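Any read-out appearing in this document is the output of simple, stated calculations on the displayed coordinates, not a laboratory observation. Just so we're clear, the structure is a prediction, and the values are computed from it rather than from any experiment. With ideal geometry, Cβ positions are generated from the backbone for all residues, glycine too; neighbour counts draw on all protein chains shown.
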Amino acid sequence: MSNESATRITPGNALRPEDIALEVRTGLARPTEDVAEYALRLGDDGLILAQRLGHWISRGPELEEDVALGNIALDQLGHARSFLTYAGGAWDKTEDDLAYFRREHEFRSAAIFEQPNGDFAATIARQFVVSYYQFELYRGLTQSTDATLAAIAAKAVKEVDYHRDHSAQWVLRLAGGTDESRTRMIQGLKQMWPYVAELFQDDELTTRLTETGAAVEPSSLRADFDRLTGEVLKEAELEVPDGPAAPGGGRHGRHSEHLGYLLAEMQVLAREYPGASW
C-alpha cells in the first residue's frame with residue numbers, strides 16, 4: 001500500500017523516529033516491501049558511517065574537529081534511526097532489531113561506508129564523496145510519492161548540506177596546506193574514489209521504485225555529483241582520481257572483511273544482554 005497519510009515535514013515539525021514508529025504501530029504509515037528494502041539500504045549507510053565517524057571523537061586533529069565529526073556522526077545516526085524504523089514496519093522489526101541482530105550479509109550499505117577511517121585525510125575524502133552523494137539523493141527524495149521517505153529526506157538534506165560544506169573546506173585546506181597534507185589528501189581521494197561508482201548503480205529495486213515516484217534512480221544523480229565535486233577539486237588544484245571501480249555488491253549483502261569487525265564491536269552489548277535497558 002502507498003504511504004499517503006504519514007506526516008510530511010513542515011518548518012518546525014521534523015518527523016522523528018518516534019513519530020514514525022507511532023505511525024507504523026497505528027497503521028498510519030506502513031511501507032511496501034520494496035520501499036522497506038530501499039529504506040533499509042539508506043538506513044544501513046547512515047548507521048555504518050556513524051559508527052566509523054564515532055571513532056574520531058577524542059582523536060581529531062583539533063578539538064573543534066572532534067565536535068564537528070561527532071555531530072556529523074549523530075546526524076547520520078538520526079537518519080539511520082528514521083530509515084530503519086520505517087523499514088522495520090514492513091517486518092514488525094524495531095530499529096534496534098535491524099541494527100543489532102542482523103548478520104553481516106543482511107546489511108545493505110554500500111562499500112564506501114564501511115571503509116576504514118585511515119588517516120584524517122582519508123576520512124575527509126570518504127566524507128566528501130558521501131556528503132555530495134547524499135545531498136543529491138535526499139534532495140531528490142524530498143519529492144518522493146512515499147510521504148515518510150519525503151519527510152525523512154527533507155530533514156536530512158539540510159544536515160547533509162552542512163556535511164558537504166565541512167568536507168569541501170577540509171579538502172581545500174589539506175590540499176592547500178603543507179606538502180604532507182596535500183600528499184595525504186591525494187592519497188585519501190585515491191583510496192575512496194573506486195567506491196564512488198557503486199553509489200550510482202541502478203538495479204531492479206530502484207527502477208521499480210523510480211517508476212512509482214517513490215525513489216530516484218541513482219544514475220540520475222551522477223552528473224550533478226561529478227559537476228559539484230569537480231568544482232571543489234578544481235579549486236583545490238586536484239584531479240579527479242582515475243582508476244577501475246571497486247567490485248561493490250553491498251546493496252546485495254556482499255561486503256568486505258571490514259564490516260564484520262565493525263559489526264562485532266557495534267553489536268556486542270546488545271547481543272550479550274538482549275533486551276537490556278538503562
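Some points to look at:
- Set the Cα radius of gyration of the range 90-144 against 2.2 N^0.38 Å, with N its number of residues, and you get 1.46.
- In a reduced charge model with +1 at each Lys and Arg Cβ and -1 at each Asp and Glu Cβ, the range 103-171 shows a dipole moment near 120 debye about its Cα centre.
- For the chain, relative contact order (Cα pairs under 8 Å, six or more residues apart, normalised by length) works out to 23 percent.
- The chain, dipole about Cα centre (Lys/Arg Cβ +1, Asp/Glu Cβ -1), debye to the nearest 20: 200
- On Cα atoms only, tilt of 222-235 relative to the major axis of the chain in degrees: 30
- Volume of the convex hull of the range 66-224 (Cα atoms only), normalised per residue: 123 Å³.
- Taking a straight line from the alpha carbon of Lys190, these aspartates and glutamates sit under 18 Å away, with near neighbours fewer than eight places off in the same chain left out: Glu114, Asp119, Asp179, Glu180, Glu198, Asp226, Glu231, Glu235, Glu237, Glu239, Asp242.
- Principal axis extents of the Cα atoms in the range 169-278, from largest to smallest and rounded to whole angstrom, are 51, 40, 29.
- Debye log10 I(q)/I(0) at q = 0.08, 0.14 Å⁻¹ for the chain, Cα point scatterers: -0.32, -0.99
- Top positive-direction residue, dipole computed over the chain with Cβ charges, set Phe107, Leu221, Phe128: Phe107
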